[in-house]
1. Could you tell me the convex hull volume per residue, in Å³, taken over the Cα atoms of the range 195-286?
2. Please pull out the direction-averaged projected area of the chain, using the convex hull of its alpha-carbon atoms, in nm² to one decimal place.
3. Pairs of Cα atoms under 8 Å, at least six residues apart: use those to get the relative contact order of the range 260-348, whole percent.
4. Starting from the exponent 0.38 and prefactor 2.2 Å, build the expected Rg for the range 1-100 from its residue count and divide its actual Cα Rg by it.
5. Which of the peptides 49-59, 162-172 is most tightly packed, and how do the rest follow, judged by the mean count of other Cβ atoms within 10 Å per residue?
6. Test of understanding: in a Gaussian network model of the chain with alpha carbons linked when under 10 Å, which of 276, 291, 240 would top the mean-square fluctuation ranking?
7. If you consider only alpha-carbon coordinates, what radius of gyration and Dmax does the range 145-260 have, in Å?
8. For the chain, give the share of DSSP beta bridges that are antiparallel, in percent and rounded to the nearest 5; count only bridges with both residues there.
Amino acid sequence: MIWIDQTLGEGLRIGMDKENINSMVELLQSFQIGIIDVKVTDWQKCSLPPLGMLQQKQIRGKINGTIDEVELAYSLGFRNIIIGCAPNPAAGLTNQVNASLLAAQKLELNIGLCIENASNFSIEEIEGLWRDVSTMGVKSFIYSDGNSLLNPLSTSRILTTIVDRIPISVEFHGHNAYGLATANALGAMQAGVKYIATAVAGVGLQGHAAIEEVIMIQKRLLGEKNMETEDLSRNCALILAAFGVEHPATKAIIGQDIFAHESGIHVDGVLKNPQLYEAFSPEEVGAIRKLVIGKHSGTASIKAKFKQRNIILSAIDAQYLLKQVRKLAVMQKKAVDDDALWRIYQDKVV
């Protein structure tokens, strides 16, 4: 599977600090990114220099279907481009898009054609669009669900047919208006699509499939382990910091609270058999399990917390501490941190 990154492009769109660009590109390589997509006009707007030879292999320029942008891309060193368009299903591609394709072909660029509103078209109409450009040097056909109209079943069904009928690389760019980008990416993967657009934590104006989620899908559901995941949480956090955004503590895979347990029943269960409440161990993605002490806690949580300090509590002491903890949690309207728990222990038990 080849991941096509949208994170850097989203960073350039919002005016990310130029000093963070190189470090972000390096970190993205830890995810075995195949291609990094950026808008050519954003690259110019950020006053970035023309691409060097190595960058030309890594970074692909996204342009609207105009000859001026084709020429701008070439002048900035882009040798791989995407020409994006949103044609009318009844009219097909515009003369402007066709002219841009011919101009890019003349410059010997590697061309991808992105139909931004592909999910508005029938399979037959998509096949017709391909026939229209089949002689214009297009190397990849990019199916973009720009309006978020698909679901995993329709994604799989449609793309299975398209992969069979279009004799070049097919890419899937899903968007996340209804929270289905990752599920639709799975549908595309099962359809045989090898190029999937992703972004760290799914960031973006329209949202994308979250790369950390599709990596774990590939590993856990499809049984394909193509990379180590022990630094997944850390690297995502570093990239998001460079991007200048914070992700929710409950974000799937990388959220700091997804392995946090407070309920007494949950804690008792996770201590006996973590698979009851965790799809995979926190260590697998570089996270840690947290036992949260609060009003919903039970004695199992209290005992486990002190066992981490090599202290074995008696049943009486655990019950006493639990009563004090619940009272404090209700009074302060939040969980009790480890320092407060230790103070209660020292004041009343020691």
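Each reported figure results from applying straightforward, stated rules to the coordinates on display, with no laboratory input. Just so it is clear, the structure is predicted and the values come from calculations on it, not from any experiment. Methodologically, a virtual Cβ is constructed for each residue, glycine included, from the backbone with ideal geometry; neighbour enumeration extends over all protein chains shown.
1. 112
2. Averaged projected area of the chain's Cα convex hull equals 20.4 nm².
3. 28
4. So the range 1-100 has a normalised radius of gyration of 1.13.
5. 162-172, 49-59
6. 276
7. Cα only, the range 145-260: 14.7, 48 Å (Rg, Dmax).
8. So the antiparallel bridges amount to about 5 percent of the total.
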